[in-house]
Amino acid sequence: MGASDSKLVFKQGIFRLSEQQDIAADDPYWTGFWELPESAEDVFSLFSPTDIRRTRDNALRNLETLLLAVTSRLCILRNHPSFPDPELAPERDALNCIRVLTRVLPFIYEADHLESWEERFFWTVRRKRTRRDKIAKSEVLFDGATPEETPRPESPKFEEVKPLAEELIDTLIDLLFYSDFTLPKVPAGKSKVSYAIWQSGVGCNTPVASTKEYENNRTEILRLLLALTSKSMYMSANILPVKGTRALSYIATCPDKQTVLSVLCSFLNTTLKYNPASWRVPYDHVVFRDTKQSLVTYCLQLLLVFVLYPIPEPGTGVAPKNYFRYFLGRLHRPQDFQFLVDGMTRILSQPLQATTAYLPGSQKSLTWAPEMIMLFWETLQCNKRFRSFIIDTDRAHDFLVLVLFYSMDNKNDASKQGLIRMCIFVLQTLSTEPNFGKNLNRTFEGQESLPPSIRIPNFHGTYADYLITSIYTLLTTSKGKLDAVYPALLAIINNIAPYVENLGRATSSKLLQLFASMSSPSFLFANETNNALLRSLLEALNAIIEHKFESNPNFIYAVLRSKKRFNSLREFTLESGQEEIERQAQLRKEQALADTSSPVRVSSDSVRSPATARTPSMGTVPEDNTFTIGDDDDETSDDEHTAVQSPQNAQSINSSRAASVSSSIDDSVPVQMRAMSEKARGKRPMGQPAFSRQNSTASLASLTPTTSITMNGAFTPSADWIDRWLPELPLHTILTLLSDLEPQISLISDTASALSALRHASLPQGIDPTPPRTILFEWNALSLGWYESLLWGFIFTAEAGVAKGTAGMWNGTGIKLFKVQETAAQTPTLLAPRGAVDAVGSNLVMRIGSLGLRGGAGPGGGNGSSTAPPAAAGHQSPILAQQQGQFGGQGQRGPAASGNNGNGNGTGGGPMTVRDV
């Protein structure tokens, strides 16, 4: 039978699946599902979403039989003594069974009305006739019975067997380590399944021989495992961490240590041994697909799915243990840590190299940097030895620069806010280690060699200067997009503040500019909880003064030069704040009128952020600086209403990561702020008068309303509200410093002499250093839901890019974890031509492909992948844009990927954007 004939017969069989009711289980028809398809493309293109849904909704019994048939056939093949054998147990049959299951499962998960059926069909213990009973039924017994004695028929004997889903998962895990299928052939007489780690690295020093066929077979199995565990995509983010998924719970709690370690190390080593910078022909990734990259992508994604998964707490008894996460946290050998660090930095550094190549676009840019940052973060959290290793060996500096690169390079891309937030949380996790803060005092050399997006002009300072300056840039240029993680950014400064030394003039000035912005009435009145951000910044300033007074004369001088701002905050009232806002509004109005008559156009950004804020000089913090963290253009945006976590009592660093079922929505945002337990930090310095609390009893509603005060349309500040937080601000340290040193320093005319005097000064009496406090990133139900939605969004958008030539396995399904939207098409490029240049671009790609650079035919294993991407696929670039509850922003995944291939299973013909709901 020819290829076209087999496709026609297969398609006719698919029609029969939905049109004929109750096809018998022993009908030869079912064999066509593993005998007819010749590639994954055949299954995905011929078995369309419409066909699957029609069968699911109109002929569920047939769908049951199909699932049982292909699963049983796969299990039989795994147990066959000759598998894989072209005649007795064909490899093709196993691959087609895997492909059919991969195609069908997502459409079962999307159907809410089948949830109880799914639980019963996949996860209920089954009863099978015992093997002895089957044999006895076919045997003739010579038991000496006389013809007159009629033997009584015995009742059939049954035994309980594991649920269908568990048997399928166990079979797939075994097939990942199966002789002559995914691993080299073993001698006769030995077990076909040998849990040999695929690559050398962690847990293995001897490499295992492999072929493209083995790698393609692994890729097919990993793809089905992802489909099996993708039930998460069809649950809302607030339910997922609490309810979990059965497949992931079964895999993560596997008690077999050898199985878990073999899978964990195989995934880790395959991912981290991959070297995209090895010698290649320029533009080779345009001509053909790298099958090795597909395997690496699925390994990394499944590794994260297993390690990240929070097993739901049962409510009674001991919570189950995620053994993949547990054993990742048990790694301890320095050579293993070195292997992890080298692999991670190699992958994360690759985009920097790809963008600086001599031939633009000649090097393939990897698309899984966000997942690699996730893996780095997970390893940091679950393995304290690894955390100590990278800090003690100064490799933390490399990760600091890399993580800041992904934050700064994408800060203006609204579709990549989720990636930026994750990077910020990674930095916060690193900053909780005291040695990390101490090591930041080393001089940052070679800063001029960094990419332009993270290069600071004329920078000469330490890693602490670089980090604080980068945080300042993120805060002041994000225009409100990152307001949900302002607490985390300030927490980083808080965590390193007790350890930083010799801060530069520019860095000190930026810290005081942040204070000027956050203490402005327009910022404090914009949100009920913005005062918590001000308090966090003040605590960081206090920590520098209390613990590193002698080592930071530049910073101390900047504080002394800002005496007016601190005194204004000390005497802050509702009326003074209102007057300041009205004064600023009048100044803007006058400036706008001046702009209309002036030939020189002044941008609105320059009005909001004066030139002094852009090029600060030592001690010249503008007293009337308008708040630049979130421009006024964003006043009506949803991001403006993102609630900042209110202060919480300090909790233990060992607090449970697992989500609690009783978690309330009020506790849903990761705790970044902690309340002070000592009211003494808000005490007035000796000799200073008490706060002037001469506020009018009139409510704010009796005053003239302005858009600055009611900018979010919900919050109205009042005198009582100010009285609740203003006395608690930790101003004691700074006011004591001002009262003791400012009169002396003000008599010195030049800056150099003032700095010299401060270097010989001692900490004023009345300032008692408090123990350094650590602000941790804490997990709860909603933060876990955001995190999992971020990961699955990355996986969803990567699927089309990895599986070029085949439709994404989740395209066109009813995903709930995030929302898939159409986005505007990008401009055409040589590698992604469209419109009038389609023919030219396609012809060029075909000509390059005809040069014989591929070195052979397409990859083995029956993948059937096309070596040249379709000309029209380049414009379909799925982008992940996460928006999760109070996180209020968006995440990213940016690989160029092919979406709908015209098979009716995509979300549309244009590019896709993935958004959380």
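The values are calculated or read from the model by the stated rules, or taken from the named source; none is laboratory data. All figures in this text were calculated on a predicted structure; none of them were measured in a lab. Here Cβ is always computed from backbone atoms with ideal geometry, including for glycine, and neighbour counts include all displayed protein chains. Accessible surface areas use protein heavy atoms only, side chains included; no ligands, DNA or RNA. Shrake-Rupley method; radii C 1.70, N 1.55, O 1.52, S 1.80 Å.
Which of the residues that make up the stretch 298-317 are over 15 Å from the mean Cα position of the chain (by Cα) and among the hydroxyl-bearing types (Ser, Thr, Tyr)?
Tyr298, Thr316
Considering (1) in a loop (DSSP other than H, G, I, E, B); (2) in contact with a helix residue (DSSP H, G or I) (Cβ under 6 Å, 6 or more places away or on another chain); (3) outside the structural domain of Leu490 (by the TED database), say which one Gly785 fails and leave the rest.
The number of the failed condition is (1).
Scan the helices (runs of 4 or more DSSP H) fully inside the stretch 17-67 and keep the ones with 2 or more residues being crowded, with 16+ Cβ neighbours inside 10 Å and among the small types (Gly, Ala, Ser). Lay out the reasoning, then the answer.
Details: elements: 32-35, 40-46, 49-58.
Helices (runs of 4 or more DSSP H) meeting the threshold: 40-46.
Just checking, which of Leu183, Leu176, Leu164 is touching a residue at least 24 places away in the same chain (Cβ under 8 Å) and more than 27 Å from Phe339 (Cβ to Cβ)?
Checking each option against the conditions leaves just Leu164.
A quick yes/no check of all residues on (1) out of contact with any Ser or Thr (no Cβ under 6 Å at 6 or more places or on another chain); (2) open to solvent by 50 Å² or more (accessible area, probe 1.4 Å); (3) assigned to a loop (DSSP other than H, G, I, E, B); (4) at pLDDT 90 or above:
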position	(1), (2), (3), (4)
Ile221	yes, no, no, yes
Lys231	no, no, no, yes
Pro241	yes, no, no, yes
Ile251	yes, no, no, yes
Ser266	yes, no, no, yes
Asn269	yes, no, no, yes
Pro276	yes, no, yes, no
Trp279	yes, yes, yes, no
Gln293	yes, no, no, no
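Spot the failing condition for Glu110; the list is (1) within 34 Å of the chain's Cα centre (by Cα); (2) more than 19 Å from Thr813 (Cα to Cα); (3) open to solvent by 10 Å² or more (accessible area, probe 1.4 Å), and only one is missed.
(2)
Could you grab me the full set of residues in the stretch 768-805 that are at pLDDT below 90, of a type in the set (Val, Ile, Thr) and open to solvent by 10 Å² or more (accessible area, probe 1.4 Å)?
Listed by number, the list holds a single entry, Val802.
Which ones in the stretch 177-195 are touching an Asp or Glu at 6+ places or on another chain (Cβ under 9 Å) and not aromatic (Phe, Trp, Tyr)?
Asp180, Thr182, Val186, Lys192, Val193
Can you tell me which of (1) modelled with pLDDT of 95 or more; (2) open to solvent by 10 Å² or more (accessible area, probe 1.4 Å); (3) over 17 Å from Glu788 (Cβ atoms) is the one Gly315 doesn't meet?
Every listed condition holds for Gly315 apart from (1).
List the residue pairs whose Cβ atoms are under 8 Å apart, where the first residue sits in the stretch 1-13 and is in the same structural domain as Tyr29 (by the TED database) and at negative phi, the second is at pLDDT below 85 and open to solvent by 90 Å² or more (accessible area, probe 1.4 Å), and the two are 6 or more positions apart or on different chains.
Val9/Met1
Each row is one residue, and each column tells you yes or no for (1) touching a Lys or Arg at 6+ places or on another chain (Cβ under 9 Å); (2) over 22 Å from Lys479 (Cβ atoms).
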{"site": "Lys510", "(1), (2)": "no, no"}
{"site": "Ser519", "(1), (2)": "yes, no"}
{"site": "Leu534", "(1), (2)": "no, no"}
{"site": "Leu560", "(1), (2)": "no, yes"}
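Having 2 or more residues that are modelled with pLDDT of 80 or more and closer than 20 Å to Thr245 by Cβ is the bar; report the helices (runs of 4 or more DSSP H) wholly within the stretch 87-181 that clear it.
On the way: elements: 91-109, 115-123, 131-138, 164-175.
In the stretch 87-181, 91-109, 115-123, 164-175 are the helices (runs of 4 or more DSSP H) which contain 2 or more residues that are modelled with pLDDT of 80 or more and closer than 20 Å to Thr245 by Cβ.
Matching residues to (1) without any contact (Cβ under 8 Å) to a residue 24 or more places away in the chain; (2) charged (D, E, K, R); (3) open to solvent by 10 Å² or more (accessible area, probe 1.4 Å); (4) more than 26 Å from Asp413 (Cβ to Cβ):
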residue	(1), (2), (3), (4)
Phe459	yes, no, yes, no
Tyr463	no, no, yes, no
Thr473	no, no, yes, no
Thr477	no, no, yes, no
Gly480	no, no, no, no
Ser509	no, no, no, yes
Pro521	no, no, yes, yes
Glu528	no, yes, yes, yes
Phe555	no, no, no, yes
